[in-house]
Amino acid sequence: MKNLIKIITVFLFCTVCQAQQTEISVMKYEELEKRIQKEKETFLVVNFWATTCAPCVKELPHFMEINDQYSGNPNFKMILVSLDRLADKERVLKFIKNKNLTAEVILLDDIKRMNTWIPRFENNWDGNIPVTLFYKNGEKVYFNDGEMRKEELEKKISENLQ
């Protein structure tokens, strides 16, 4: 009986961990920066995207495959930063559900100051999306400007996650 309870508990925990978000955190740049800094003990993948960006939407299934593959690894974390407008929050939530996004999604409500925060993430970022940043031990180790193929994403993660 104890084993059955343990199995059910583990199953429910895994189900909840892989569940889609029903609410989305809305942040300004400074809050996002603090959120990223909290992950100093993990290899962190941060992808900037929008529901209206075709290349962003095209690459997201690859990101979800990889996120699901590493979901049990405590040294791995993925955050998807939506650059959609705050007025489109409900559309973003529907998108999360329809596309089965299992990674944490944050809505960055700071578009008016983008010329301030974009260079703080990466000097070479021209503002186009998708963009993916990789952090190891709290330090940025790679910047990818544009759509990522699944193989590229897997390679960057396997090179850094050991």
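The values are calculated or read from the model by the stated rules, or taken from the named source; none is laboratory data. Since this is a predicted model, take the numbers as computed values, not measurements. Cβ: placed from backbone, ideal geometry, glycine included. Neighbour counts: every protein chain shown.
Just to verify a result, which residue in the stretch 79-100, among those that are loosely packed, with under 14 Cβ neighbours inside 10 Å and touching a residue at least 60 places away in the same chain (Cβ under 8 Å), is farthest from the chain's Cα centre (by Cα)? That would be Leu86.
Residues of the stretch 40-48 include none that is among the acidic types (Asp, Glu) and more than 21 Å from Lys156 (Cβ to Cβ).
The helices (runs of 4 or more DSSP H) found entirely in the stretch 1-74 that carry 2 or more residues being within 16 Å of the chain's Cα centre (by Cα), surrounded by 10 or more Cβ atoms within 10 Å (Cβ to Cβ) and modelled with pLDDT of 95 or more are 29-37, 54-69.
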